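Data first, discussion second: the structure below is written as structure tokens.
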Amino acid sequence: MKQQSSVFPASHFVAADSPSFRAKRSNFTLIELLIVIAIIAILAGILLPALNRARERAYSIHCVNNLKQIGLGLAQYTGDFAFFPWPQDATQTLPGTTEKGRWWSLLTGISDSGTRFGSSYLPIYRQHSLVNGSYLGLRCPKHAAQRTENGGPLPLHYIAVGSSTTLWYADGAVGITGPLAVGQAAVVSPERVKKPAAKVGVIEYQVDRNEAGLGVITDGRYLFNSSSTSNLVGPVHERNTGALYVDGHAGMLDAVSELNAAGGSREVEIWKKYFATNINE
């Protein structure tokens, strides 16, 4: 008996290695596409944290380099005048002029109104949306998106360690500068500093604050405190903040553990250990 031929003619079947078969298999299936997307997502999950860490590391290096440059400017200034920029007050009359300025004006040589009155030890940054003024020009990338209350960029990224007229002078805890009202007791020369390698003279401004005030911290109330809104010093680079020490070296200081002033006497203890230039602790 003659066998019936297949329902499909032989011409219907295509060899797997034929060009037409390969053409039909050139497109991805949905499953293959989902597998590729999943692999990309896994790789991104692995690589992005590493990229973020690298970026944070770059920001920290940039910030430390800024602080080292401030240290060089301070060294040149103290070489010319034998003391750190003084006084810390915002209303001081700058040397050789009737212009007003702040402690960083003494380093930039430019008054708040933009008038040059002396040598420039550090670059300036002009910003007129908050007040007319020429501010310290060294900027940390972590503060790039930060804005003041009226929408302008933050005028100052680094603040000096000053002194209070009341709370801390009773204990002699002076920074690298002080207020005009105290007089010569607030003038600090490099040779008067106790343990200069352990005392911070300039520190990075906390990134979530929106105004810089005088550009100084004057006592422990402005240190990191998670339960306070008055602190000017706190974490900027993850847990850390940039710090310039009086001997000129700079680095990152763990603000969360080392500068946490929460709880009474901690403010005084931390201030004496890290900031009081005339206390040997």
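Shown is the FRET efficiency for ILE279 and ILE46, computed with R0 = 41 Å from the Cβ-Cβ distance and rounded to the nearest 0.05: 0.25.
For the stretch 237-250, 3J(HN,Hα) computed residue by residue from phi via the Karplus equation (6.51, -1.76, 1.60; θ = phi - 60°) reads 9, 6, 8, 9, 9, x, 9, 9, 8, 5, 6, x, 7, 9 Hz, glycine and proline entered as x. Placing pseudo-labels 7 Å out from each Cα toward the beta carbon at ALA58 and GLU269 gives an inter-label distance of 4.0 nm.
Sorted by packing (mean other beta-carbon atoms within 10 Å per residue), highest first, where do 34-46, 268-280, 231-243, 178-190 land? Can you show the working numbers first?
Values: 34-46: 10.2, 268-280: 19.7, 231-243: 22.5, 178-190: 16.5.
In descending order of packing, they fall as 231-243, 268-280, 178-190, 34-46.
Under 5 Å from the amide H of GLY114 lie the amide H atoms of SER134, each residue being 5 or more positions distant or on a separate chain, with H modelled from the backbone and absent for Pro and chain starts.
On a 28 Å Cα-Cα criterion, which of the cross-link pairs LYS68/LYS195; LYS100/LYS195; LYS142/LYS195; LYS142/LYS194 come out too long? Intermediate values should be presented prior to the final figure.
Details: LYS68/LYS195 18 Å; LYS100/LYS195 33 Å; LYS142/LYS195 30 Å; LYS142/LYS194 32 Å.
From LYS68/LYS195; LYS100/LYS195; LYS142/LYS195; LYS142/LYS194, over 28 Å: LYS100/LYS195; LYS142/LYS195; LYS142/LYS194.
None of the figures in this text is laboratory data; all of them are computed from the coordinates on show. None of these values were measured; they are calculated from a predicted model. Cβ sites come from the backbone with ideal geometry, for glycine too, and all protein chains shown count toward neighbours.
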